[in-house]
Amino acid sequence: MMEKKRRSAPVHTTPESGEGRFMPREHVPAGGTIVVTAGTGTISAEQVRKGLPMKALDDLARLLNVDHASLADILGTSMRTLQRRARESERLGAVASDRLARVRRILDLATHVLGESDKAARWLTSESRALGGEVPLHLLDTDIGTQRVQQELRQIEFGMPL
């Protein structure tokens, strides 16, 4: 049986990019590499596959005003694993990195819609009546939950009834 070979697309980088840094949109540059951007830099699919540095988690926890334990379930990992990775200066795994990039992208969208990062963090960490009493941050562990949160933010942005 032939082994399936993984195709690797070229990585998009910019002068302002840095590991674990983000900007607010998704791009597909001419080379075909998907690049997620959010905040102040760029992160490529390849960087997510290799794992983001623990600093990216520290930055996200600080921005949301939550502890690492609050993010562990969303990232699909345990606190013990996060502590070990921090102690041994390891990177996050690919799944945790992907979820971290997802949460950061939603935080940036919420900041754009609500106008301030503090308001966005409060909205993401508080129960939402429009989301059936769920905390938006807790829905970001799945793609379906993320879509619900994005939809809610778009409704707020465009003034649609909740």
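The values are calculated or read from the model by the stated rules, or taken from the named source; none is laboratory data. Since the model is a prediction, treat every value here as computed from it, not as a measurement. All Cβ positions, even for glycine, are placed from backbone atoms using ideal geometry, and neighbour counts span all protein chains on display.
Within the stretch 63-75, the set of residues being outside any helix (DSSP H, G or I) and loosely packed, with under 14 Cβ neighbours inside 10 Å comprises Asn65, Asp67.
Criterion first (touching a residue at least 60 places away in the same chain (Cβ under 8 Å) and in a helix (DSSP H, G or I)) does Arg105 satisfy it?
Spelling it out, Arg105 is indeed touching a residue at least 60 places away in the same chain (Cβ under 8 Å) and in a helix (DSSP H, G or I).
For Ser126, the conditions (1) surrounded by 14 or more Cβ atoms within 10 Å (Cβ to Cβ); (2) more than 19 Å from Gly51 (Cα to Cα); (3) among the hydroxyl-bearing types (Ser, Thr, Tyr) are fulfilled apart from (1). Being more than 20 Å from Thr77 (Cα to Cα) and either within 17 Å of the chain's Cα centre (by Cα) or touching a residue at least 40 places away in the same chain (Cβ under 8 Å) (or both) is the filter here, so list the residues in the stretch 125-151 that pass it. The answer is Gln147, Arg148, Val149, Gln150, Gln151. Name every residue in the stretch 134-162 that is assigned to a helix (DSSP H, G or I) and loosely packed, with under 11 Cβ neighbours inside 10 Å, in order of residue number. Once the filter is applied, which keeps residues that are assigned to a helix (DSSP H, G or I) and loosely packed, with under 11 Cβ neighbours inside 10 Å, the stretch 134-162 yields Asp143, Ile144. Sub-6 Å Cβ pairs linking a first residue in the stretch 48-73 that is farther than 19 Å from Asp141 by Cβ to a second residue that is in a helix (DSSP H, G or I) and of a type in the set (S, T, N, Q), at least 6 apart or interchain, number zero.
Of the residues screened, Glu90 is one that is at negative phi, modelled with pLDDT under 95 and assigned to a loop (DSSP other than H, G, I, E, B).
From the list Thr33, Thr42, the one residue that fits, being modelled with pLDDT under 95 and either within 16 Å of Leu137 (Cα to Cα) or touching a Lys or Arg at 6+ places or on another chain (Cβ under 9 Å) (or both), is Thr42.
Considering the stretch 80-123, the residues that are surrounded by fewer than 18 Cβ atoms within 10 Å (Cβ to Cβ) and under 17 Å from Arg62 (Cβ atoms) include one that is nearest to the chain's Cα centre (by Cα), namely Ser117.
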